């Protein structure tokens with residue numbers, strides 16, 4: 001009896017919670033009583049495990065949508081042209097309803113009378129795309145907007161977003177068998193780290209994100225990332241002079257640290273470490289040059305002298321980044337720092353050298369063909385490519401998007417050089433028909 005007595009309050013709470021949540025599961029709104037309970041989700045067991053990749057394409061996965069924000073859900077928002085459901089902007093007018101046509105209970109979407117994220121509800125309660133010149137003020141808005149565009153077939157890849165709306169560290173493009181997964185920052189800009197999609201199960205990009213954030217604060221980092229953006233198993237902190245093993249996925253320390261001069265005695269040491277040279281030290285060639293130059297600049301500043309040094313751009317594995325500044329030129333280089341053919345141009349900030357690196361180093365290294373040509377001088381991927389019978393737009397990472405047009409309409413994609421006859425088949429916003437130019441698409445990366 002004593003045990004039952006002590007548990008009575010908890011038991012009453014759990015029963016009340018179950019009753020309230022059964023109501024919540026029908027109207028998807030959180031009762032005031034539950035919304036005031038701290039850590040209410042600790043007492044909630046979701047009825048279904050919702051897999052984001054099984055949500056229907058016209059829905060968006062939300063990790064905390066139903067049951068007081070405790071359970072995931074596939075959510076169906078209002079799209080442009082949907083005249084049956086007026087959109088609302090006031091929270092008090094929001095209504096959630098289950099999709100009555102769905103048979104798969106675990107992934108049945110919930111309809112909500114809100115516009116797709118990033119779209120605007122106009123004066124006639126219709127959802128419309130924002131003007132092309134709109135700039136999102138917060139990095140947490142753009143990822144969800146791009147998800148919306150993917151559902152409208154207005155962009156070519158479906159980004160993964162964090163619960164706060166920012167881009168997840170790992171983003172994948174292309175099909176399972178030949179696609180790739182890249183590391184990105186919170187705003188969706190590609191950073192160091194890539195892996196073939198079919199081999200990316202263990203890719204977290206945790207190291208790349210960490211190094212990016214440190215560099216954004218102008219902090220010098222001696223962390224080393226593996227080619228996929230994870231942590232290399234062996235890390236050294238050159239400030240403290242200590243080296244240690246870490247979990248590649250998380251970067252958490254595994255075991256004890258040793259003095260840096262004993263780094264090769266660690267169980268995680270391997271001669272196959274990325275870019276490691278047998279007679280080298282922990283810092284790789286580019287890092288060593290960068291660190292030496294930075295120390296000279298700091299020394300000179302302390303003594304009232306400005307020391308001019310060559311600017312070295314190092315990747316997160318310690319190798320040379322694809323784009324380097326040499327005197328007045330911007331040039332593409334291999335990972336060892338040597339220039340790639342004739343890919344250089346006078347001070348071109350738009351150079352990525354993605355195509356030059358892929359065609360001359362990355363794809364041959366993985367014994368894969370690359371059937372795209374690079375822009376002359378810049379080493380970037382061309383905006384569009386003609387394959388001989390068909391032509392398509394190409395994004396900055398070498399992935400096709402937009403209209404797959406017969407080769408004779410290639411000029412439509414470039415929006416230049418078309419004859420009068422061909423131009424009649426190019427896109428016009430008057431009829432909203434024809435092969436669309438690459439510039440038509442809001443996002444081309």
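The values are calculated or read from the model by the stated rules, or taken from the named source; none is laboratory data. None of these values were measured; they are calculated from a predicted model. Positions of Cβ are backbone-derived with ideal geometry, glycine not excepted, and every protein chain shown enters the neighbour counts.
Worth pointing out:
- So residue 124, is it surrounded by fewer than 17 Cβ atoms within 10 Å (Cβ to Cβ) and modelled with pLDDT of 90 or more: yes
Okay, residues lined up against (1) touching a strand residue (DSSP E or B) at 6+ places or on another chain (Cβ under 8 Å); (2) surrounded by 17 or more Cβ atoms within 10 Å (Cβ to Cβ); (3) modelled with pLDDT of 90 or more:
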{"residue": "134", "(1), (2), (3)": "no, no, no"}
{"residue": "148", "(1), (2), (3)": "yes, yes, yes"}
{"residue": "152", "(1), (2), (3)": "no, no, yes"}
{"residue": "166", "(1), (2), (3)": "no, yes, yes"}
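- Taken as a whole, the condition of being within 28 Å of the chain's Cα centre (by Cα), under 26 Å from residue 235 (Cα atoms) and either modelled with pLDDT of 80 or more or not in a helix (DSSP H, G or I) (or both) does not apply to residue 261.
- All of 57, 36 fail the test of being within 30 Å of the chain's Cα centre (by Cα) and surrounded by fewer than 19 Cβ atoms within 10 Å (Cβ to Cβ), apart from 57.
- When restricted to residues that are outside any loop (DSSP other than H, G, I, E, B) and buried (at least 18 other Cβ atoms within 10 Å of the Cβ), the stretch 415-439 contains 3.
- Restricting attention to the stretch 391-417, the residues that are over 30 Å from the mean Cα position of the chain (by Cα) and at pLDDT below 95 total 2.
- Residue within the stretch 302-319 that is modelled with pLDDT of 85 or more, in a loop (DSSP other than H, G, I, E, B) and surrounded by fewer than 18 Cβ atoms within 10 Å (Cβ to Cβ) present: yes
- Taking the stretch 358-381 as the range and being free of Cβ contacts under 8 Å to residues at least 24 places away in the same chain, surrounded by 15 or more Cβ atoms within 10 Å (Cβ to Cβ) and farther than 18 Å from residue 182 by Cα as the test, only 375 passes.
- Only a single criterion out of (1) touching a residue at least 40 places away in the same chain (Cβ under 8 Å); (2) buried (at least 22 other Cβ atoms within 10 Å of the Cβ); (3) under 21 Å from residue 179 (Cβ atoms) is not satisfied by residue 332, namely (3).
- Residues that are within 14 Å of residue 123 (Cα to Cα) and either outside the structural domain of residue 152 (by TED's automatic domain parsing) or without any contact (Cβ under 8 Å) to a residue 12 or more places away in the chain (or both), drawn from the stretch 78-95: 90
- For residue 63, the conditions (1) in a loop (DSSP other than H, G, I, E, B); (2) assigned by TED's automatic domain parsing to the domain that holds residue 156 are fulfilled apart from (1).
- Verdict on residue 161 being surrounded by 18 or more Cβ atoms within 10 Å (Cβ to Cβ) and not assigned by TED's automatic domain parsing to the domain that holds residue 144: no
- Complete set of residues in the stretch 264-301 that are outside any loop (DSSP other than H, G, I, E, B) and either in contact with a helix residue (DSSP H, G or I) (Cβ under 9 Å, 6 or more places away or on another chain) or under 23 Å from residue 194 (Cα atoms) (or both): 285, 286, 287
- Lone unmet requirement of (1) touching a residue at least 12 places away in the same chain (Cβ under 8 Å); (2) farther than 30 Å from residue 280 by Cβ for residue 353: (2)
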